[in-house]
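Asker: Shown below is the structure under consideration.
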């Protein structure tokens, strides 16, 4: 029998400060929290079914072949069953999401992408002043890079700040953001970026704008940034939050590792920014 000694002493823990790679970092969570209350704001609603310890004890005879009384205090385990799209909540898109081919080859699914794409130095572009109809263009990106005095390098992770994330869960949340135009997306990829994140429902402009313009005759702009992936393999992070908490526009790292789902077009990710406490 194993004897475990418990202590009543408690320690104060700063959950935003972590030691990683031999350095101290401030960790900033850039991921949404999914709940049943946020389901109505999604085009593809999600559902979380909860089972508490009493409920699982009741099904224990079927699952494990033992009655509830065998469990300590008659209580089993807690569990949830979640039904959701791979594009619900904070998630990463794979090239397969955009089209069946990319750069003339079969487009990569989320489990085929190199994990190095999702770990790297980050920089944030403040695009809050861009009007949603016009969308974010190359000139906007170049202007912001000049303002923050940053030169993009290969494998950097670009984060686009709109602050629309503050309306997550509200009706019409998916129609509020200034999305990326094709020229802006291609410009970032030309600088060596493989991963672009945005704190909004999608990377492209809202669908009400794109659909109206497509019906008026301009079909090329429909999903134009996503379609860049047809000839330039890259990934996106959609539905980020809390970009305003980043203390500076660059000089931090991003971890955005997606769950490995076989042959999937995307997967959920707990995205974290790590800001060094001492430069």
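Every number in this text was worked out from the coordinates using simple rules, so none of it is lab data. All figures in this text were calculated on a predicted structure; none of them were measured in a lab. Cβ atoms come from the backbone with ideal geometry, glycine included; neighbour counts cover every protein chain shown.
Asker: For the chain, set up a Gaussian network in which alpha carbons nearer than 10 Å are linked by springs, and say which option among 99, 139, 68 fluctuates the most.
Answerer: Judging by the Gaussian network model, the answer is 68.
Asker: Would you kindly state how much longer the chain becomes between residue 259 and residue 216 on full extension, computed as 0.36 nm times their sequence separation minus their alpha carbon distance, in nm to one decimal?
Answerer: The span from residue 259 to residue 216 would gain 11.6 nm if fully extended.
Asker: Further, regarding this structure: What residue among 220, 167, 91 shows peak mean-square fluctuation when the chain is described by a Gaussian network model with Cα springs under 10 Å?
Answerer: Judging by the Gaussian network model, the answer is 220.
Asker: Ranking 41, 17, 165 by Cβ neighbours within 10 Å, fewest first, what do you get?
Answerer: By the 10 Å Cβ count, ascending: 17, 41, 165.
Asker: How big is the antiparallel share of DSSP beta bridges in the range 140-279, given as a percent to the nearest 5?
Answerer: Percentage antiparallel, nearest 5: 35.
Asker: Highest GNM mean-square fluctuation, the chain, Cα pairs closer than 10 Å: which of 252, 64, 115?
Answerer: Among 252, 64, 115, the largest GNM mean-square fluctuation belongs to 64.
Asker: While we're on this one: Per residue of the chain, what 222 nm ellipticity follows from adding -39500 (n - 2.57) for every DSSP H run with n ≥ 4, rounded to the nearest 500?
Answerer: -4500 deg cm²/dmol, from helical runs alone.
Asker: Between the alpha-carbon centers of the range 164-196 and the range 52-116, tell me the distance in whole angstrom.
Answerer: Between the Cα centre of the range 164-196 and that of the range 52-116, the gap is 27 Å.
Asker: Projected area of the range 75-127, taken from the Cα convex hull and averaged over every viewing direction, in nm²?
Answerer: Orientation-averaged projected area of the Cα hull: 7.4 nm².
Asker: State, as an integer percentage, the relative contact order of the chain based on alpha-carbon contacts under 8 Å between residues 6 or more apart.
Answerer: Computed value for the chain: 28 percent relative contact order.
Asker: What's the extension gain from residue 66 to residue 119 if we count 0.36 nm per residue and subtract their Cα-Cα distance?
Answerer: 14.6 nm
Asker: Right, next: Say each of residue 23 and residue 148 gets a label point 7 Å from the Cα, pointing the same way as Cα to Cβ; how far apart are those two points in nm?
Answerer: Result for the modelled spin labels: 1.7 nm.
Asker: Further question on the same structure: For the chain, what are Rg and Dmax over the alpha carbons, in angstrom?
Answerer: Considering the chain through its Cα atoms, Rg and Dmax are 21.9, 75 Å.
Asker: Mean projection of the alpha-carbon convex hull of the range 154-279 over all orientations, in nm²?
Answerer: If you wrap the Cα atoms of the range 154-279 in a convex hull and average its projections, you get 9.1 nm².
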